[in-house]
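Structure first, commentary second.
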Amino acid sequence: MKNLAPKISLCLVCIGLLRLAQPADARAQSANPPPAASTGRGAASLKWRIFEPWLDPARNRGYWTHSDENLLNWDTMLHAAPSTALGQLIEQVRLWGYNVFSLPARMDVDAHPDCVAALCVYLKSRGLIMLIHRDWNEPSLGAGFKPSVDTDGLPRGSPLFSPYNPDVRAYWQKRIARDYELVPGLGGYRMDGGEYNHINGAPWMGEGPETQGKTGAETVRDALKLVAGELGKHQGTLFWRDCEDDPWGSRDEVWYFNGMTGKIPANALILIKDYYWDYQPDWPVHPLDLAITKDAKGRSPYLTTIQLPGEYTGTNDFPWSQVEHISQALKTALATGQPGFWVAALPLNHAPWDHPLNMVNWYAVAELMKNPAADPEELKLAWAKSEYGDAAAATIVEILKQTTAAARGMYTVDGLTNACHSRFPGLAYLDSHMCGPMRQTRRMTGMIGMTLPLDMYPAEVAAEIRENRGTWLVFNQVPITPAFKAHAMAEKEGAITSIREATALLQSLHGKIDEARYTELLTGLQANLNDTIAFRDMMELFLDWKLGTVTEAQIAAIEAAAAGLKGATVPWLLDPHPKKMTNAAAASLKTFIEDLRRELAHPWIEKYWRDNPTGVMGNPPPAK
């Protein structure tokens, strides 16, 4: 195994352990924020305050949202104005205090240069810098490369991944010059340059005689220097995302992206995710956080990214406060000398851009960027007062506490996610992500848990993580027994109880807050109650299937009880043809039940895993 990063200072390890102890509670801000808090010590260090909406013009919708309409498409970019939804979002982003607007991944600038250029001009008029997205693999695979199951998880070498290859250098010289010709005033790139599971091409995979004697970290630094150098000719900045969409990729993030302080150009910054691996709530601090060193002026070239709302925290459909986590993430960023903060957002196509209760998170980010020392509880209360009035504020904060507890209980079991990016999972998807093999984890019959790797952490930190009961099943594996089922079901029943308590609290505010807003919140909580019921029933059927005790009578009773129920995460519990929201097959409680009935009649899942141990799930055999 390759040598891990240089020795980590005790103070940074303590920062990491402090974050491990923090609950992950919150994401963002209100559409009509109260007066800004006074600027706190350290806020001046946030040179970069970046907002990246995860919206896809090609698909005309956002990622992981139920919205059929995407506010960021080619036409709205071309005609951005204060009266449009996109213009309103941009104005809100500006008022929240961001200074950079990053366009989403794989936007075809060459096909729509007039649209991208027009948006760049509009953003500049509103005081915002615009970034576009590029991939390091473009010289080899093309700017339009889209990964597939055939390339996923197959890192490979290529001379065109090497920063020393003259053709690669020539490509980036021409590509960058052309982008600035197409989009005058461009602020630079947000670049993916290491995610080989989906991007399939990183600098350390470069081949050729020039790479001989170079370490992977040196190759990455030279790739950063190459692109940043060309962008610098146009006063542009490079934001290089080191994300590997795989827990084992965290090793690469530490091996190849550690120790960059003082070794890359001033216009090059490295993006790291706030959590281990991929924004999973309550998971540990990212391992690179523990290895960041600062220069003599107390600076480092790293930026932390968070999600608003999270693809694993209910997206726009389930209230989940992340305020405590955002506060701690920003404090850690400042403590490690980071010059900014990056927010990856999943906004709806209209104000207020998210679930009305989730707007506490959007508000918190904006206030914390002004005053990182602000108290999370005071922030939540200030937001609630601004939105619902002084008399209702404390109750609204308590409602947030209950809905967040419900979300954790609904979406996770001991920290292990039992959803598909906050959506309802199919039987095979749930099975692989709860019991393995999920890519590289072992499959053990009768066991649950993922045993994800922790060897990129110092031993003492890894031990703390492994013993954390809040994420126990992420890093351990235990037998599926009746006792375990009772434990897991207690989490699900607790989610139902928490939503009912939140609903009762809201009902106590009837007549004390605006009637339309009261009705909107009540309708949403009633839908969330049905969501928790659906996930409870799913887990009961899944564990009874594992225990060999599930019966047709039990299945039929659950199906009958769900008739006519509508949720938010699961729009109709018994929808036989649910709308696809992710790259996995669309699922509802109805399709889950039908998958289970099929499995009981013609078992195939265990046999599939015996024959396909790599963790790539195929399709079930044809129905007989």
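Remark: spin-label model distance E218-A601 equals 6.3 nm, labels positioned 7 Å along the Cα→Cβ axis. Could you tell me the calculated FRET efficiency between Q477 and R126, based on Cβ-Cβ distance and R0 = 35 angstrom, to the nearest 0.05? The computed FRET efficiency comes out at 0.10. Could you let me know the centre-to-centre spacing of segment 155-178 and segment 429-484, using Cα atoms, in angstrom? Measuring centre to centre over Cα atoms gives 39 Å. Shown here: Rg and Dmax of the Cα atoms in Å, derived from the displayed model; of the candidates (i) 25.3, 82; (ii) 24.1, 75; (iii) 26.9, 93, it corresponds to (ii). Assuming charge only on the beta carbon of Lys and Arg (+1) and of Asp and Glu (-1), the dipole of segment 516-599 about its Cα centre is about 280 debye to the nearest 20. Taking a straight line from the alpha carbon of K214, these aspartates and glutamates sit under 13 Å away, with near neighbours fewer than eight places off in the same chain left out: D222. Taking amide H as placed 1.01 Å from N in the peptide plane, the amide H of A345 sits under 5 Å from that of E52, W54, L308, each at least 5 places away or on another chain. Modelled spin-label separation between A111 and Y171, with each label point placed 7 Å from Cα along the Cα-to-Cβ direction: 2.0 nm.
Evaluating 6.51 cos²θ - 1.76 cosθ + 1.60 at θ = phi - 60° for every residue in segment 107-124, the Karplus couplings come out as 7, 7, 5, 5, 7, 9, x, 5, 5, 5, 5, 5, 5, 4, 5, 5, 4, 4 Hz, glycine and proline recorded as x. What does DSSP give for the chain in terms of the percent of beta bridges that are antiparallel, rounded to the nearest 5? If we restrict to bridges inside the chain, about 20 percent are antiparallel. Relative to the Cα centre, the charge distribution of the chain, modelled as +1 at Lys and Arg Cβ and -1 at Asp and Glu Cβ, gives a dipole magnitude of about 1060 debye. Inter-label distance, E493 to K566: 3.0 nm, where each label sits 7 Å from its Cα along the C-beta direction. From most to least packed by mean Cβ count within 10 Å, the peptides 498-509, 250-261, 456-467 give 250-261, 498-509, 456-467. Annotation: amide H of R49 within the under-5 Å range of N99, V100, F341, sequence separation 5 or more or interchain, hydrogens built in the peptide plane. Find the centroid of the Cα atoms in segment 566-592 and in segment 306-355, then give the distance between the two in whole Å. Value for the Cα centre distance between the two parts: 26 Å.
Proximity of backbone amide H atoms, modeled 1.01 Å from N, is registered between M447 and I480 at under 5 Å, excluding neighbours fewer than 5 places apart on the same chain. Using alpha carbons only, the radius of gyration of segment 301-450 set against its Kirkwood radius gives Rg/Rh = 1.03.
Rounded to the nearest percent, how much of the accessible area of the chain (1.4 Å probe, protein heavy atoms only) is carbon and sulfur? Write out the running numbers ahead of the final one.
Values: 12760 of 23220 Å².
Accessible surface attributable to carbon and sulfur in the chain totals 55 percent.
The values are calculated or read from the model by the stated rules, or taken from the named source; none is laboratory data. Fair warning: this is a prediction, and the values are worked out from it, not measured in the lab. Here Cβ is always computed from backbone atoms with ideal geometry, including for glycine, and neighbour counts include all displayed protein chains. Heavy atoms of the whole protein, side chains included, go into the accessibility calculation; ligands, DNA and RNA do not. Shrake-Rupley method; radii C 1.70, N 1.55, O 1.52, S 1.80 Å.
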